[in-house]
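Working notes, beginning with the structure itself.
The values are calculated or read from the model by the stated rules, or taken from the named source; none is laboratory data. Values in this document were obtained by computation on a predicted structure and should not be read as measured data. Cβ coordinates were reconstructed from backbone atoms using ideal geometry, including for glycine residues, and neighbour counts include every protein chain displayed. All accessible areas refer to the heavy atoms of the entire protein, side chains included, with ligands and DNA or RNA removed. Shrake-Rupley method; radii C 1.70, N 1.55, O 1.52, S 1.80 Å.
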Amino acid sequence: MSDSNISSSSSDSASIATVDQNGGRSQRIIDGGQTFSPEQRHWRDVFWLAIFIIHLIALGFVLAVLGLNRFKKSDRLNIDRYTNRVWENNNTGLTENYWPKYAVAGGIGTVLGWTWLLLLGSRANQMMKVSVHILTTYLAVISVLCFWCKQIFWGVAFATGAALQFLYVISVIDRLPFTNLVLQKAVKMVWSLPEVMRVAYAFMVVMLLWMGIWSFGAAGVVASSRGDFGRWWLLVVLSVSLFWTGAVLCNTVHVIVSGLVFLVLIHGDRNASSMPPNSLMKSLQYAVTKSFGSICYGSLFTAAIRTLRWEIRGFRSKIGNNECLLCCVDFLFQLVETLVRFFNKYAYVQIAVYGKGFNRSARDAWELFQSTGVEALVAYDCSGAVLLMGTILGGLITGTCAGVWTWITWTDRVIMVGSTAMLMGMVLVGLAMVVVESAVTSIYICYAEDPSLIQRWDPQFFNQMSETLHQRLQHRSARAREVFTHNQLNSHIGIHLLFWKWM
C-alpha cells in the first residue's frame with residue numbers, strides 16, 4: 001500500500017524519459033517569445049482576487065479602529081462598552097506600549113531576511129546545516145524558557161515541535177546531500193539574476209508597510225481591556241489574515257521569479273539575443289494583475305498542505321513493518337497526495353509561464369511530474385523543507401527578541417507579543433527565501449518538460465539529477481515488488497488456513 005500505489009506506467013514512462021533526454025518533450029514547451037504574449041493571458045480566479053482585496057480594505061479599517069481606541073488614551077472610541085458583556089474588562093496599557101515592540105520585530109525580521117539571502121549566496125552549505133540542526137536546539141531552549149515562565153501550554157507546544165523537527169531530520173538525513181546540491185544550483189541561478197534580488201527587497205518593503213498598519217491594530221488588541229480569551233481570539237484572526245497576506249506576497253514573488261528563471265533556462269542565458277525584452281517587468285505586470293487572483297487562491301491552502309505532506313513522508317519512511325500503522329499512515333498520505341494534485345507550489349511556475357488558473361496549473365504540473373517520473377525526484381528533494389526551517393528559525397529569533405523586551409515591562413503579555421512577532425519574522429524571512437524556492441521549482445519543471453535545457457545550463461548538475469532519478473525509480477520498483485510479493489504471500493497463507501479450517 002505504500003509506493004505500490006504509484007502506477008507502474010509512470011515509472012516505465014519515466015525510465016524512457018530518462019534515456020530519451022532530448023526527445024519529444026521539448027515540443028511541449030511554448031515558444032519563449034510567446035511566454036508573456038497578451039493573447040495568451042486572461043484574468044484568472046477573479047473571485048479570490050475580489051475576496052482578498054475586500055479582506056484587506058475591511059481589515060485595514062478594523063486595525064485602525066483597534067489601534068486608535070487605545071492610542072494615547074484608554075478607550076478613546078468607547079468600544080469597551082460593547083465588549084464588557086462578552087469579555088472581562090481590565091486596563092492593560094496603551095497601543096504605544098506595545099507598538100515599538102512590533103517595530104523592532106519588523107526591523108529584525110527584515111535584517112534576518114536580507115542576511116539570510118546574502119549568506120545563501122556565499123555560504124549555502126553552512127546555512128543549510130544551520131537551518132536543519134540549530135532549529136531543533138532553538139525550539140528545545142524556547143520550550144525550557146516557557147516552562148520556566150510557567151507557560152505550560154507553550155512549553156509543551158515548543159517541546160513537541162522540537163521532537164517532530166528532530167524526527168523529521170533523522171528520517172530525511174540521507175536526502176540532505178542531494179538537497180544541498182539542488183539548493184546550491186538554485187542559488188547560483190538566483191545570483192546570476194540581480195534583478196530578482198531587487199524584487200525580493202521591494203516586496204519586503206511593501207510587506208513592512210502593511211505590517212506597520214497590522215502591528216498598530218495588534219498592539220491595540222494586546223493593550224485592550226478585554227480578557228485573555230478575547231485578546232487571543234482577535235489575535236488569532238489577525239494572524240490568519242497576516243499569514244494569508246504574507247503568503248500572497250511570497251507567491252507573487254514566486255511567480256515573478258519563476259517566469260524569469262524559466263525564460264533564462266529556455267534561452268540559455270540572461271543576455272541571449274532571443275530573450276524577450278523587459279521580461280522582468282512583464283512578469284511583474286501579469287503577476288499583480290491577471291494572475292493575482294490565482295495567487296490569492298493558492299496562497300490559502302498550499303503552505304499547510306505541503307507542510308503536512310513533508311511530515312507524513314518523513315514518518316512514513318521510518319515505520320518499518322508495522323502494517324497496522326503503515327495502513328493508517330498510507331490512508332493519510334493518499335489523502336494528502338490527492339490534495340497536492342490540486343494545491344502545490346509548482347503551479348506558480350505554470351501560472352508564470354502559461355497564465356493558467358491555479359487548480360489547472362497545479363494539476364498540469366503534477367501530471368507532468370507523474371508522466372515523466374520526475375515526481376520521484378521531487379519527492380526525494382527536501383529543499384522546500386530546509387528553506388522552511390530557515391524561515392521558522394528566523395521567526396523564532398524575531399519573536400524571542402520582541403518577547404524579551406516585552407518581558408521587561410509587561411510580563412503577562414510576553415507570549416502574545418512574542419508569538420505574533422514570530423509570525424511577522426517568518427513572513428519577512430520567507431519573502432527572502434522564496435526567490436531560491438522559485439528557482440528550485442523552475443528547475444524541476446524545466447527538467448520534466450525538456451531535460452536538455454538543464455543539460456545546456458549545467459551539464460554536471462544534469463548528470464547528477466539523472467543519476468539520482470534513475471536510483472529513485474529503481475528504489476520504487478524494488479519496493480513495489482517487495483510489497484506485491486508480501487501481499488501474495490499473505491494471500492496464499494490465508495487460503496491455506498481457510499482450507500485447513502474447513503478440512
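The residues in segment 341-383 that are more than 18 Å from the chain's Cα centre (by Cα), within 24 Å of E467 (Cα to Cα) and β-branched (V, I, T) can be counted, and the count is 2. Within segment 399-413, being touching a Ser or Thr at 6+ places or on another chain (Cβ under 7 Å) and either surrounded by fewer than 23 Cβ atoms within 10 Å (Cβ to Cβ) or free of Cβ contacts under 8 Å to residues at least 40 places away in the same chain (or both) holds for one residue alone: R413. When D330 is tested against (1) open to solvent by 70 Å² or more (accessible area, probe 1.4 Å); (2) at pLDDT below 65, only condition (1) is not met.
Residue check: R28 meets all listed conditions (1) modelled with pLDDT under 75; (2) open to solvent by 50 Å² or more (accessible area, probe 1.4 Å); (3) in contact with a Phe, Trp or Tyr (Cβ under 7 Å, 6 or more places away or on another chain) but one, namely (3).
Within segment 48-90, the set of residues being farther than 28 Å from G357 by Cα, at pLDDT 65 or above, open to solvent by 50 Å² or more (accessible area, probe 1.4 Å) and of a type in the set (A, V, I, L, M, F, W, C) comprises F61, V62, L68, F71, L77.
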